[in-house]
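*Asks:* Got a structure for you, written out below as structure tokens; questions coming shortly.
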Amino acid sequence: MSTRKIRVLVAKPGLDGHDRGAKVIARALRDAGMEVIYTGLRQTPEMIAAAALQEDVDAVGVSILSGAHNTLCPRIVQLLRDKGMDNCLVLVGGIVPQEDVPKLKQQGVAEIFLPGTSTEDIIKFLHDNVKPRD
Amino acid sequence: MPETKESSSPVALEKERWERETLEPAVSKHPERKKSFQTVSLAEVDRLYTPADTEEVDFNRDISFPGEFPYTRGIHPTGYRGKLWTMRQFAGFSTPEETNARFKYLLDQGQTGVSVAYDLPTLMGYDADSPLSEGEVGKCGVAVSSLSDMEVLFDGIPLEKVTVSQTINAPASVLLAMYLVVAEKQGASWDKISGTLQNDILKEYIAQKEWIYPIKPAMKLVVDTFEFCTERVPRYNPISVSGYHIREAGATAAQELAFTLRDGIEYVAWGVDAGLDIDRFVPRISFFFNAHNDFFEEIAKYRAARRIWAREMKQRFGSDHPRTLQMRFHTQTAGVSLTVQQPLNNIVRVAIQALAGVLGGTQSLHTDAYDEALALPTDRAALIALRTQQIIAEETGVVNTVDPLGGSYYLEALTEKMEQEALDYFHKIDAMGGMVAAIERGFPQREIQDSAYQYQKAVERREQVIVGVNKYAMTDQPAEVPILVIDESVRTHQLERLEQTRAQRDAGAVNNALDKLRLAATKNENTMPATIEAVRAYATLGEICSALRDVYGVYEEPAF
């Protein structure tokens, strides 16, 4: 079995600067033994996909509160697929109306975590769903 | 020192006896529910407060009378018996037409002031047609790219009568210019109009992170608005120093208090350094605080804020002018405390938070709508939020006497403790060379991040309870509430007006005005006159901010 640590890119796309959630998640994943790269603010989908490829991550955690999720999230998924990162999970956390959840999942988002989610649930999801690698 | 004092006072001795004779037998029979009781800021709360806890507090020196130094009990001698607080609901979404209609609806329902929320492209100084604006136009607020949008936004709202608060920071000077030009077109005189510009750039670097330029030129733009308004728009508040966003980012109540007031001191120092008369510009500085869940901690925070501000203005800056010493503030209930789960519970949270703001003596109040953890508020949710304030004002009786909780042993001890904690932070920040230097070192940012993480952990350990989330959660799907959806047609609508504006204006006049603005910025002159000229020529927000970016550059956040 591989001992490679799970690598996660925590990304903050769009113009919004509210990074409390992104930073809390980044620290919780780190404390859970994962390797975490935080993109910083105001990243375009292209920048996020490029960083995911360069850092060879298992998952991208997208924090979005501004309502721009339907524009930005599918584009991030598509760009990752275009780069051949088919196994890279895209997780979304933030303010997403319930009715947008199925649509985002159909477009390739692995899971959407709404406000009130415990960091433990996100850690568990990653452990359960990241495909082991050599 | 307090130890020996406490043990010798009659009350302290009596308390020891009570603990021995009454408390201990009771606790051994029925243990308390928890080992430690904490505020929402994770601060320890004692079992009981008595006069022994307020021995250090001197009534005449520290509490005093309302309308008198140090203003702990409020800035008005009659509290709310003379005038109620301004009910000012923050609103903005979609197109200027839609937001204009919401403003008129709220004014018709008895709201007494208007407060504009701008969308993210506007907050960041981008036009609706910038590629960076895609997906964000009209989403978190109203979209404004030029004077044409601003004219629609305030159509039929008389700016000489209605006071308007604008939540805008990095490009604040440009939106102020647009507001002034719209007022002028309505025939309203600048020396009569009033209102508030948030314009608090320091808390952007600390917490909300919607910045454009590096810190020092951004501070220069703020000072430009102080200078301009003091001379030309004397009843306007050019800044609202904001703890709200600092708290929302995860700060404790004491950190919110400390960083906000230290930001306020920094602005005063910059104004004084620029040669402004402290007693002319500081009376127009207003503040903005959060109202979070912990009722007494919040009330103590507001009371401590007034006391600290009065003392700092006197001691640091030598002012003795009452208006300089009196802190006026707006309060908004804590958006971060609202839950997606069982959203109607939020109505109750908001009511209690708003009550804390009122008992703390706020000058104006925004109550959040119950659906704000889901989306921007619907008309119905916005109306209940306003009605909550009206019920507090008209039905509860808390407005009948000034500072009704003053003298509570717990509250006075907590007010004193808050003040001490803030002063401890002031010493640290002063030692770093002031707030700008502290921000450059990432000091307040790290303190807040740390508190946010500790709070999250406390929630996950269920030491902090969130009803409907980590206790009393319902597994079956909670009742859905209707939410407001902003679709992409808003962008199309805004792009059309933007194109029309660009086509109809005099391009030469725009270029001249932008050149003048660059020159004023380069020569370190006040940028307001050139900004107003550019706005009048229908230069767009994006073009004006871009001209200033040419001179000032952009801020890059260091990694903390």
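*Asks:* Compute the relative contact order of the range A:7-128 as a whole-number percentage, counting only Cα pairs closer than 8 Å that sit 6 or more residues apart in sequence.
*Replies:* Relative contact order for the range A:7-128 comes out at 26 percent.
*Asks:* Are any of the pairs B:185/B:209; B:185/B:220; B:139/B:516; B:29/B:457; B:161/B:220; A:23/B:203 more than 25 Å apart by Cα-Cα distance, and if so, which?
*Replies:* B:185/B:209; B:185/B:220; B:139/B:516; B:29/B:457; B:161/B:220
*Asks:* Starting from the Kirkwood Rh over alpha-carbon pairs, what translational D in µm² s⁻¹ does the protein assembly as shown have by Stokes-Einstein at 10 °C and 1.306 mPa s?
*Replies:* 60 µm²/s
*Asks:* First obtain the Kirkwood hydrodynamic radius of the range B:400-502 from its Cα pairs, then insert it into the Stokes-Einstein equation at 20 °C and 1.002 mPa s, and state the resulting D in µm² per second as a whole number.
*Replies:* Roughly 107 µm²/s, to the nearest whole number.
*Asks:* If you don't mind, there's one more thing I want to ask. Taking a cut-off of 12 Å between Cα atoms, list the aspartates and glutamates near residue B:192, but don't count ones fewer than 8 places away on the same chain.
*Replies:* Within the straight-line limit of under 12 Å, residue B:192 reaches these aspartates and glutamates: B:160, B:184.
*Asks:* Please list, short to long, the whole-number percent of alpha-carbon pairs of chain A in consecutive 10 angstrom bins beginning at zero.
*Replies:* The distribution over chain A is 13, 49, 34, 4, 0, given as percents.
*Asks:* Tell me, B:21, B:557 in order of fewest to most beta-carbon neighbours within 10 Å?
*Replies:* Fewest-to-most ranking of B:21, B:557: B:21, B:557.
*Asks:* Pull up the cross-link candidates among the aspartates and glutamates for residue A:124, meaning alpha carbon to alpha carbon under 18 Å and not fewer than 8 places away within one chain.
*Replies:* A:31, A:35, A:58, A:111, B:460
*Asks:* Could you work out how far apart the two model spin labels at residue A:83 and residue A:56 are, taking each label as a point 7 Å from the Cα in the direction of the beta carbon, and quote it in nm?
*Replies:* 1.4 nm
*Asks:* Right, here's the next one. Could you identify which residue out of A:74, A:102, A:45 has the top mean-square fluctuation in a GNM of chain A using Cα springs shorter than 10 Å?
*Replies:* Evaluated over chain A, the most mobile residue of the options is A:102.
*Asks:* Starting at the first residue of the range B:208-223, write each ³J(HN,Hα) from the Karplus equation 6.51 cos²θ - 1.76 cosθ + 1.60 with θ = phi - 60°, in whole Hz, x for Gly and Pro.
*Replies:* So the Karplus estimates, Gly and Pro as x, are 8, 6, 10, 10, 10, 8, x, 4, 5, x, 5, 5, 4, 5, 5, 4 Hz.
*Asks:* Suppose R0 equals 30 Å. What FRET efficiency, 1/(1 + (r/R0)^6) with r the Cβ-Cβ distance, do residue A:124 and residue B:46 give to the nearest 0.05?
*Replies:* With R0 = 30 Å, the Cβ-Cβ based efficiency is 0.20.
*Asks:* Tilt of helix B:379-395 relative to the longest C-alpha principal axis of chain B, in degrees (0 to 90, nearest 10)?
*Replies:* 50 degrees
*Asks:* Could you work out the mean count of beta carbons from other protein chains within 10 Å of each residue's beta carbon in B:132-140?
*Replies:* 6
*Asks:* Through the Karplus equation 6.51 cos²θ - 1.76 cosθ + 1.60, θ set to phi - 60°, convert the phi angles of the range B:10-21 into ³J(HN,Hα) values in whole Hz; use x for Gly and Pro.
*Replies:* x, 5, 5, 5, 5, 5, 4, 5, 4, 4, 5, 8
*Asks:* Continuing with this model, one more query. Once every DSSP H run of n ≥ 4 in chain B is given -39500 (n - 2.57) and the sum is divided by its residues, what mean residue ellipticity at 222 nm do you get, rounded to the nearest 500 deg cm²/dmol?
*Replies:* Computed ellipticity for chain B at 222 nm equals -15000 deg cm²/dmol.
*Asks:* While we're on this one: Return the aspartates and glutamates within reach of residue B:523: Cα separation strictly under 20 angstrom, same-chain partners fewer than 8 residues apart disregarded; answer none if there are no such residues.
*Replies:* B:224, B:227, B:273, B:515, B:533, B:543, B:550
*Asks:* On a full-extension model of 0.36 nm per residue, what is the gain between residue B:61 and residue B:29, subtracting their alpha-carbon distance, rounded to one decimal in nm?
*Replies:* My answer for the length gained is 7.2 nm.
*Asks:* How large is the helix-only mean residue ellipticity at 222 nm for chain A, computed as the sum of -39500 (n - 2.57) over DSSP H runs with n ≥ 4, divided by its residue count, in deg cm²/dmol to the nearest 500?
*Replies:* -12000 deg cm²/dmol
*Asks:* Collect residues whose amide H, placed 1.01 Å from N in the peptide plane, falls under 5 Å from the amide H of residue B:239; neighbours closer than 5 in sequence don't count.
*Replies:* Residues meeting the criterion, in which the H sits 1.01 Å from N, are B:197, B:286.
*Asks:* What order do you get for B:226, B:59 when you list them from fewest to most C-beta neighbours inside 10 Å?
*Replies:* B:59, B:226
*Asks:* Calculated FRET efficiency, residue B:437 and residue A:37, Cβ-Cβ r, R0 22 Å, to nearest 0.05?
*Replies:* According to the calculation, E is roughly 0.15.
*Asks:* From the phi of every residue in the range B:294-307, what ³J(HN,Hα) in whole Hz does the Karplus formula 6.51 cos²θ - 1.76 cosθ + 1.60 yield, where θ is phi - 60° and glycine or proline is x?
*Replies:* Result, ordered by residue: 7, 3, 6, 4, 5, 4, 4, 4, 5, 5, 5, 4, 4, 5 Hz.
*Asks:* Okay, next question. Could you list which residues have their amide H under 5 Å from that of residue A:89, counting only those 5 or more apart in sequence or on another chain, with H placed in the peptide plane?
*Replies:* A:59, A:60
*Asks:* Roughly what % of DSSP beta bridges within chain B run antiparallel, to the nearest 5?
*Replies:* Roughly 5 percent of the DSSP beta bridges within chain B come out antiparallel.
*Asks:* Run through the range B:226-321 and list the trypsin sites (Lys or Arg not before Pro) located in a DSSP loop whose Cβ has at most 15 other Cβ atoms within 10 Å.
*Replies:* Listed in order of number, the matching sites are B:235, B:316.
*Asks:* Helix B:507-522 versus the longest principal axis of chain B: what is the Cα-based angle in degrees, 0 to 90, to the nearest 10?
*Replies:* The angle comes out at about 50 degrees.
*Asks:* So what is the relative contact order of chain B, in percent, for Cα pairs below 8 Å that sit 6 or more residues apart?
*Replies:* The value is 18 percent.
*Asks:* Mind pulling the angle between the C-alpha long axis of helix B:541-552 and the longest principal axis of chain B? Nearest 10 degrees, somewhere in 0 to 90.
*Replies:* 80 degrees
*Asks:* Continuing with this model, one more query. So, in Å, what gap is there between the alpha-carbon centers of the range B:159-236 and the range B:387-464?
*Replies:* Between the Cα centre of the range B:159-236 and that of the range B:387-464, the gap is 26 Å.
*Asks:* Which whole-number percent gives the relative contact order of the range B:202-277, counting Cα pairs below 8 Å spaced six or more residues apart?
*Replies:* So the answer I get is 35 percent.
*Asks:* Now for a different question. Running a GNM on chain A with Cα contacts under 10 Å, which residue among A:29, A:89, A:72 ends up with the highest mean-square fluctuation?
*Replies:* Among A:29, A:89, A:72, the largest mean-square fluctuation in the Gaussian network model of chain A belongs to A:72.
*Asks:* Separate question: Using a Förster distance of 41 Å, how high is the FRET efficiency between residue B:465 and residue B:515, based on the Cβ-Cβ distance and rounded to 0.05?
*Replies:* 0.10
*Asks:* Just want the ordering: B:372, B:24, from fewest to most Cβ atoms lying within 10 Å of their own Cβ.
*Replies:* Lowest count first: B:24, B:372.
Coordinate-derived values only; no laboratory data. All of these numbers come straight from a predicted model, not from anything done at the bench. As a convention, Cβ positions derive from the backbone with ideal geometry for all residues, glycine included, and neighbour counts pool all protein chains shown.
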